[in-house]
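The values are calculated or read from the model by the stated rules, or taken from the named source; none is laboratory data. Keep in mind the model is a prediction, meaning the values are calculated, not measured. Cβ atoms come from the backbone with ideal geometry, glycine included; neighbour counts cover every protein chain shown. Ligands, DNA and RNA are stripped out before the accessible areas are found, and what is left, the full protein with its side chains, is counted by its heavy atoms. Shrake-Rupley method; radii C 1.70, N 1.55, O 1.52, S 1.80 Å.
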Amino acid sequence: PATPANNWICTDVTVFFKELSKLLSIPFYKIKSDSHRATKQFKTFGLIYTKDHYALFEELGVSPDVPTDWLLQVFYKLHLSAKIKSSPDIYFMPIVLPQGSTEIPQHCCVIENLCFTYNFKDSPLSQDLLDIPRGIFCKLAVQLVNSGRYEACPEESDKSTIKILWNGLELYLIERPGRIEAEVLCSEYFFSDEEGLDNKLKKLHEQCKIIKTDLTSGIENACQTILGKEFLKAINLQIGFLCDCLQGSPHLAVLIKQSTSLNCTHSKGGFRPGTCRRKIWLHLPKGRDLKFSLQTLESRDQYWVLDTVPAPSADQATRTAPESIDRSADEIISFLDKF
């Protein structure tokens with residue numbers, strides 16, 4: 001008789017790694033037949049359908065002695081896979097996604113990308129961006145999806161860019177050399193037409209704070225799980241934006257604790273965030289010189305974009321003054337002519 005998957009215990013970890021490696025090698029696997037739908041879904045989108053996983057595991061040569069239901073549960077418990085929020089019977093394994101094909105809508109980023117990296121404490125190379133350890137990025141994405149707050153979009157993701165949705169926001173997790181970036185797009189459904197500017201700014205700021213907290217705790221947890229507590233003790237997690245000082249190699253302007261200022265990691269000089277697209281991550285900006293406008297793409301998708309209202313030029317400020325003065329003088333002369 002069949003034994004429930006949760007009653008199985010693996011006594012030889014090499015057996016588990018051997019079967020896992022068969023799934024992780026899917027990017028190099030050549031599909032033998034067009035009828036293998038489950039294998040295509042896994043190879044293209046990293047998706048495992050519960051009802052079809054037997055065919056997938058059989059084609060990839062997973063040992064019949066290993067219970068496939070148990071494997072699915074182990075992948076989920078080890079944060080190798082996430083359950084799709086809208087379809088709990090589908091598992092998502094971002095670690096097997098193919099290389100980049102994801103297109104992020106251009107010129108629609110409502111705020112500047114927030115960057116996450118780390119440096120070693122007391123290291124002479126502490127200012128330079130260091131490579132993010134392998135596995136951190138995928139584990140972070142899995143943790144976010146499994147938290148229940150975010151919805152994964154496997155069909156619009158790849159190995160280094162994972163798209164997830166939350167409450168009208170499109171969040172792109174991007175793995176770049178030396179850093180993980182969070183790019184936020186604000187869909188047309190995020191705000192209602194009745195909401196004023198102050199309410200829109202407050203709502204976006206509150207959501208950004210939650211995203212920043214989730215990403216920070218997720219990266220720390222992933223580092224500790226994959227590399228251990230000692231690694232986490234030896235590093236400083238840096239959060240900020242790509243610095244535009246143009247000094248040396250690419251580096252960040254990092255957030256200063258208990259402050260809304262940034263610190264250039266090369267010059268060690270502090271400065272204000274500057275643009276409203278940076279400020280929204282840190283504090284609630286004043287809305288006097290800001291505006292939200294809808295950007296329409298060729299696909300007819302619309303996104304909210306945050307911009308600064310340009311101040312009137314000196315010419316515009318003086319252009320109307322003479323007209324109003326002349327008009328007032330004409331009225332006075334017309335009035336005096338009556339006498």
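Among the residues making up region 67-103, those that are surrounded by fewer than 14 Cβ atoms within 10 Å (Cβ to Cβ) and free of Cβ contacts under 8 Å to residues at least 24 places away in the same chain are Lys77, Leu78, Ser87, Pro88, Glu103.
For every residue, the table says whether it meets (1) within 23 Å of Lys209 (Cα to Cα); (2) open to solvent by 60 Å² or more (accessible area, probe 1.4 Å); (3) modelled with pLDDT of 55 or more; (4) not polar (S, T, N, Q).
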residue: His266; (1), (2), (3), (4): no, no, yes, yes
residue: Arg277; (1), (2), (3), (4): yes, yes, yes, yes
residue: Leu290; (1), (2), (3), (4): yes, no, yes, yes
residue: Gln295; (1), (2), (3), (4): no, yes, yes, no
residue: Asp307; (1), (2), (3), (4): yes, no, yes, yes
residue: Pro310; (1), (2), (3), (4): no, yes, yes, yes
residue: Asp330; (1), (2), (3), (4): no, yes, no, yes
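Scanning region 76-114 for residues that are in contact with a Lys or Arg (Cβ under 9 Å, 6 or more places away or on another chain) and outside any loop (DSSP other than H, G, I, E, B) turns up Tyr76, Asp89, Ile90, Tyr91, Phe92, Pro94, Ile95, Val96, Cys109, Leu114. Taking region 28-75 on its own, how many of its residues are assigned to a loop (DSSP other than H, G, I, E, B) and over 13 Å from Ile90 (Cβ atoms)? Total satisfying the criteria: 16.
Of the residues Gln258, Gln247, which is touching a strand residue (DSSP E or B) at 6+ places or on another chain (Cβ under 8 Å), modelled with pLDDT under 80 and part of a loop (DSSP other than H, G, I, E, B)? Don't jump to the end; show me each part of the working.
Working: Gln258 fails: touching a strand residue (DSSP E or B) at 6+ places or on another chain (Cβ under 8 Å).
Result of the check over Gln258, Gln247: Gln247.
Just to verify a result, which residue in region 1-19, among those that are at pLDDT 80 or above and touching a helix residue (DSSP H, G or I) at 6+ places or on another chain (Cβ under 8 Å), is nearest to Gly61 (Cα to Cα)? Only one residue fits best here, namely Glu19.
Regarding region 186-202, can at least one residue be identified that is of a type in the set (Lys, Arg), open to solvent by 10 Å² or more (accessible area, probe 1.4 Å) and assigned to a strand (DSSP E or B)?
Keep residues of region 186-202 that are of a type in the set (Lys, Arg), which gives 200, 202.
Next, only the ones that are open to solvent by 10 Å² or more (accessible area, probe 1.4 Å) stay: 200, 202.
Retained after the next criterion (residues that are assigned to a strand (DSSP E or B)): none.
No; the residues of region 186-202 include none that is of a type in the set (Lys, Arg), open to solvent by 10 Å² or more (accessible area, probe 1.4 Å) and assigned to a strand (DSSP E or B).
State all residues of region 163-222 that are among the hydroxyl-bearing types (Ser, Thr, Tyr) and free of Cβ contacts under 8 Å to residues at least 40 places away in the same chain; if no residue qualifies, say none. The answer is Tyr189, Ser192, Thr213, Ser217.
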